[in-house]
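Right, one structure below, let's go through it.
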Amino acid sequence: MKPFTYSRAASVQEAAQTAASVQGARFIAGGTNLLDLMKLQIETPTHLIDVNHIGLNRIEATDEGGLRIGALVRNTDLAANEVVRRDYAVLSRALLAGASGQLRNKATTAGNLLQRTRCPYFYDTRMPCNKRKPGSGCAAMKGISRGLAIIGTSDACIAQHPSDMAVAMRLLDANVETVTADGTRRSIPIADFHLLPGDTPHVEHRLTPGELIAAVTLPPPIGGTQVYRKVRDRASYAFALVSVAAVFGEDGSARFAFGGIAPKPWRVDAADAAVGSGPKAVADAALAGAQPTAQNAFKQGLTARTLASLFRQKEARA
Amino acid sequence: MDAVELTVNGRDVHLQLDPRTTLLDALREHLHLTGTKKGCDHGQCGACTVIVEGRRINSCLTLAVMHEGENVTTIEGLGSPDNLHPMQRAFVTHDGYQCGYCTPGQICSAVAMLEEIAADIPSHATQDLGEVEFSDAELRERMSGNICRCAAYPNIIAAIRDVAGEGEA
């Protein structure tokens with residue numbers, strides 16, 4: 001790791017103000033992704049602001065009947081929360097499909113949203129990568145691209161977003177609440193929070209420098225049959241090739257969100273609308289305009305089959 | 001250098017550390033508790049698993065300075081050669097290792113994992129989110145963060161099942 005200094009913030013205000021005043025500062029919470037990247041010198045902060053003790057670790061009901069999840073709530077605690085298990089089961093399921101018990105004990109809600117891609121060329125500092133080093137090129141497109149994105153990509157980058165949790169958050173129309181050094185608060189719909197790569201794959205989200213995620217809020221429960229299916233190379237502890245989060249409503253409507261196939265949690269209105277026409281139609285709508293590589297074109301068929309499996313799971317429960 | 005106070009295996013320790021020092025390196029290189037192993041050093045293998053404030057974590061992916069004032073339990077704190085922890089004894093009884101390198105991490109992980117089941121924390125293998133039920137599938141899923149390249153998995157599961165009082169499944 002490159003040398004850095006360390007401080008422990010005592011309040012949200014102190015954390016945001018330190019971030020605004022110290023050049024090259026980064027927040028650290030769980031650290032499970034940031035420290036990994038710092039060891040490889042892909043991330044090289046000059047100062048770490050430990051935000052683990054600023055009181056953002058509560059899960060509470062909102063006035064609207066939804067849920068407010070503090071930024072520092074650990075993945076384990078969010079997945080195990082009684083209300084989440086009962087009313088937002090797809091979120092519990094997505095969290096539990098990710099990482100390992102040890103990692104979920106450290107990983108936080110906000111950190112999970114901000115985790116970087118697992119593209120092997122992003123990690124390999126000897127190789128070109130437009131996300132790691134803007135303008136250097138993309139080694140993935142003609143390299144090992146089996147696990148990478150097939151839609152939402154650009155000529156600059158085909159990296160996938162690795163999160164399971166964020167896919168469920170996208171399905172549930174979560175909002176990301178932030179705070180800046182001057183005390184300004186804003187709420188960003190998760191649909192807008194992550195950015196597609198375009199010409200600037202190193203810019204991954206809408207946060208401004210020093211802006212701190214305070215919480216993620218969920219709208220009131222939507223009921224229905226909630227399922228999450230993750231397909232991967234191992235039965236456990238592996239990133240998704242394809243994952244699908246779904247809510248099947250009692251009125252025949254449905255929502256779908258997808259992981260492993262795009263640079264951000266992927267959701268398409270036309271896919272939701274196609275539910276009556278079956279899983280193949282939903283997959284076709286979700287993947288319209290996909291530009292897979294020869295190595296990851298299989299994800300298209302895999303998405304359709306994963307959806308078919310979820311439709312059967314829903315039928316079995318009905 | 002940053003001053004760090006930890007309680008490790010019940011003993012208060014005071015260290016002066018470069019902030020870059022991971023908890024794993026603090027334990028091994030500064031406190032000479034070499035039971036905790038460095039495998040991948042990237043949170044992929046679980047060999048460095050220790051229990052901090054009652055929870056199992058990868059000690060390679062956290063900085064020692066972030067644990068000021070916290071309680072850390074390593075394999076040395078669970079038991080000793082003369083007084084083995086039940087999980088250590090079960091690993092011996094069931095031959096839950098071959099080379100032994102992953103074993104301290106497996107044992108720390110298993111001890112804390114059973115506490116997670118007792119605390120009704122669900123897993124990917126949990127059928128009904130309303131209630132966690134003990135099964136081999138639960139154990140295998142919950143231990144997936146601890147890799148054993150000798151593939152002693154069947155015997156590791158047997159050892160954990162034994163400690164959990166679930167006998168032969």
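The values are calculated or read from the model by the stated rules, or taken from the named source; none is laboratory data. None of the values given here were measured: they were computed from a predicted structure. Backbone-built Cβ (ideal geometry, glycine too); neighbour counts: all protein chains shown.
Condition test on B:ARG56, is it of a type in the set (Lys, Arg) and within 26 Å of B:ALA118 (Cα to Cα)? Answer is yes for this residue.
If you go through segment A:192-222 and pick out every residue that is in a loop (DSSP other than H, G, I, E, B), farther than 27 Å from A:LEU302 by Cα and out of contact with any Lys or Arg (no Cβ under 6 Å at 6 or more places or on another chain), you end up with 13. Filtered by the rule that a residue be assigned to a helix (DSSP H, G or I) and more than 9 Å from chain A (Cβ to nearest Cβ), segment B:106-138 gives B:GLN106, B:ILE107, B:CYS108, B:ALA110, B:VAL111, B:LEU114, B:GLU115, B:ILE117, B:ALA118, B:ASP136, B:ALA137, B:GLU138. Considering only residues in segment A:76-93 that are in contact (Cβ under 8 Å) with a residue 60 or more places away in the chain and facing chain B (nearest Cβ under 10 Å), the one that is nearest to B:ILE117 (Cα to Cα) turns out to be A:ARG93. Within the set B:SER123, B:SER144, B:SER109, the sole residue that is surrounded by 15 or more Cβ atoms within 10 Å (Cβ to Cβ), within 30 Å of A:MET1 (Cα to Cα) and without any contact (Cβ under 8 Å) to a residue 24 or more places away in the chain turns out to be B:SER144. Within segment A:32-60, the residues that satisfy the criterion of being more than 13 Å from chain B (Cβ to nearest Cβ), in a loop (DSSP other than H, G, I, E, B) and aliphatic (A, V, I, L, M) are A:ILE54, A:LEU56.
Mind checking whether some residue in segment A:61-75 is within 17 Å of the chain's Cα centre (by Cα), touching a residue at least 12 places away in the same chain (Cβ under 8 Å) and under 24 Å from B:GLN127 (Cβ atoms)? Steps first, please.
Kept after step one, since they are within 17 Å of the chain's Cα centre (by Cα), are these residues of segment A:61-75: A:69-75.
With touching a residue at least 12 places away in the same chain (Cβ under 8 Å) added as a condition, the list becomes A:69-75.
Subset that is under 24 Å from B:GLN127 (Cβ atoms): A:74-75.
Taking every residue of segment A:61-75 in turn, at least one turns out to be within 17 Å of the chain's Cα centre (by Cα), touching a residue at least 12 places away in the same chain (Cβ under 8 Å) and under 24 Å from B:GLN127 (Cβ atoms).
Across segment A:101-109, a minimum of one residue is classified as under 18 Å from B:HIS124 (Cβ atoms), in a loop (DSSP other than H, G, I, E, B) and at pLDDT 95 or above. Taken as a whole, the condition of being under 15 Å from A:LEU212 (Cβ atoms), within 13 Å of chain B (Cβ to nearest Cβ) and touching a Leu at 6+ places or on another chain (Cβ under 7 Å) applies to A:ALA29. Checked against (1) within 13 Å of chain A (Cβ to nearest Cβ); (2) surrounded by 15 or more Cβ atoms within 10 Å (Cβ to Cβ); (3) part of a loop (DSSP other than H, G, I, E, B), B:VAL50 meets all criteria but (3). Can you find a residue that is within 13 Å of chain B (Cβ to nearest Cβ), surrounded by 20 or more Cβ atoms within 10 Å (Cβ to Cβ) and more than 21 Å from B:VAL65 (Cα to Cα) anywhere in segment A:61-75? Within segment A:61-75 (the criterion being within 13 Å of chain B (Cβ to nearest Cβ), surrounded by 20 or more Cβ atoms within 10 Å (Cβ to Cβ) and more than 21 Å from B:VAL65 (Cα to Cα)), the answer is yes, since at least one residue qualifies.
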